[in-house]
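In what follows, a single structure is set out as structure tokens and then discussed.
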Amino acid sequence: MKAVLGIDTSCYTTSAVLLGLNGSLLAAARRLLQVPKGKRGLAQSEMVFQHVRALPEQLASVWGRFPEADCCAVGATLYPRDLEGSYMPAFLCGYGSAKAVALSRQIPLFSLSHQANHLWAGIWSAKMPQEVQEFLAIHVSGGTTDLLHVKRCSAQLQIEQLGGSADLHAGQLLDRLGVALGLPFPAGPHLEKMAAGFHEDAPDVPVAVQGLQLSLSGPETHLKKLLQKEIPPPLLAAAAENLLGETLFRLLRRAVRQTGVRDILGVGGVLANTHIREHSLGRLQRKLGCHIYLPEPCWSGDHALGAAYHAVLALQEQRIAKHK
């Protein structure tokens, strides 16, 4: 069976995906990089070292699950965002392997940004109709809190940044609070479990949104003060989730009113959090009648799905152009 391989080596995840030429999922494998307890991240050199060791295992895993796959194209992330000068060494691990596969098999290689990878994964998982050619997107993770205006044409995405965080990213806030509470890094999933059932009783944290920009450094300081007052950890975790949900809701509400665009895609690991999803995007759907597209939580975080899907679409586009 013909297949397309996707590879992504992001800051904290090594992943590979196989898709059929019709976009169907054949196999997927991912592995989180190991962060020592008490640390809030890894240096790029540490990421590269772990990716180099982990990627062969992930590739072996997807081929092992679907050994009859005949790879006819590869998609790989090459840089963080679609901005001039965007660069991060970790992505070169995956891209280098993808190029080796493409050269050895004499098949095309399609590169894209990590952010575009998230958007394509969201489009695939949320089953966004092809008719939706223009939409807003919010990309919320440990390294990105971006408000985007996206135009889609076949296998291409035109991405314009409208706003986002002026300082701290949403995932960073969750990770810093989680590590301070003694939780493993990345802390998001652990905080979500801790916060369950405590949102109504959680203390309020001031929201900082001006125009299409948000700030999280002030709210982080407020959470630190609550921590010093020995507020119970479940209430702190719930307060942080309430804060992010309200912040994203206000930011997107302003974006909808300014642009008139009511189709919204939410991607990034932070939006795997059920409460933050509902408190932000769910409210937009109810209050403003927006059309909300959200990937399954397992596809919200870092994964090579978008790279593979982009390659499927690019391959289809090439074949259509040849027959014209």
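Here are the numbers for this structure:
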| quantity | calculated |
| --- | --- |
| Failed item in (1) open to solvent by 40 Å² or more (accessible area, probe 1.4 Å); (2) under 30 Å from residue 319 (Cβ atoms); (3) of a type in the set (S, T, N, Q), with residue 44 passing the rest | (2) |
| Every residue from segment 141-182 that is closer than 18 Å to residue 242 by Cβ, without any contact (Cβ under 8 Å) to a residue 60 or more places away in the chain and not in a helix (DSSP H, G or I) | 165, 168, 169, 181 |
| In segment 308-324, residue surrounded by the fewest Cβ atoms within 10 Å (Cβ to Cβ) [restricted to those that are of a type outside the set (Gly, Ala, Ser) and in contact (Cβ under 8 Å) with a residue 60 or more places away in the chain] | 318 |
| Unique match (being surrounded by 23 or more Cβ atoms within 10 Å (Cβ to Cβ) and in contact with a strand residue (DSSP E or B) (Cβ under 9 Å, 6 or more places away or on another chain)) among 18, 32, 25 | 18 |
| Residue count for segment 277-315, restricted to those that are out of contact with any strand residue (DSSP E or B) (no Cβ under 8 Å at 6 or more places or on another chain) and not aromatic (Phe, Trp, Tyr) | 11 |
| The one condition in (1) closer than 30 Å to residue 149 by Cβ; (2) in contact with an Asp or Glu (Cβ under 7 Å, 6 or more places away or on another chain); (3) among the small types (Gly, Ala, Ser); (4) buried (at least 20 other Cβ atoms within 10 Å of the Cβ) that residue 217 fails to fulfil | (4) |
| Residue satisfying all of: in segment 19-77; of a type in the set (Val, Ile, Thr) and part of a strand (DSSP E or B); nearest to the chain's Cα centre (by Cα) among these | 77 |
| Of residues in segment 47-70 being of a type in the set (A, V, I, L, M, F, W, C) and open to solvent by 50 Å² or more (accessible area, probe 1.4 Å), the one farthest from residue 122 (Cα to Cα) | 49 |
| Lone qualifier among 227, 235, 305 - being over 18 Å from residue 135 (Cβ atoms), among the hydrophobic types (A, V, I, L, M, F, W, C), open to solvent by 10 Å² or more (accessible area, probe 1.4 Å) and touching an Asp or Glu at 6+ places or on another chain (Cβ under 9 Å) | 235 |
| Pick from segment 150-173, criterion out of contact with any Pro (no Cβ under 8 Å at 6 or more places or on another chain) and of a type in the set (A, V, I, L, M), ranking: most open to solvent (accessible area, probe 1.4 Å) | 166 |
| Residues of segment 183-197 satisfying the condition of being in a helix (DSSP H, G or I) and open to solvent by 30 Å² or more (accessible area, probe 1.4 Å) | 189, 190, 192, 193, 194 |
| Flag for residue 200 being surrounded by fewer than 20 Cβ atoms within 10 Å (Cβ to Cβ), farther than 19 Å from residue 252 by Cα and without any contact (Cβ under 8 Å) to a residue 60 or more places away in the chain | yes |
| Pick from segment 100-140, criterion open to solvent by 40 Å² or more (accessible area, probe 1.4 Å) and in a helix (DSSP H, G or I), ranking: nearest to residue 247 (Cα to Cα) | 124 |
| Selection count where residues are surrounded by 14 or more Cβ atoms within 10 Å (Cβ to Cβ) and more than 21 Å from residue 95 (Cα to Cα), scope segment 1-15 | 0 |
| Qualifying residue in segment 276-286 (condition: small (Gly, Ala, Ser), crowded, with 23+ Cβ neighbours inside 10 Å and under 30 Å from residue 91 (Cβ atoms)) | yes |
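The values are calculated or read from the model by the stated rules, or taken from the named source; none is laboratory data. Remember, predicted model here, so these are calculated numbers, not experimental data. So basically every Cβ, Gly included, is an ideal-geometry build from the backbone, and we count neighbours across all protein chains shown. Surface accessibility is based on the protein's heavy atoms, side chains included, excluding ligands, DNA and RNA. Shrake-Rupley method; radii C 1.70, N 1.55, O 1.52, S 1.80 Å.
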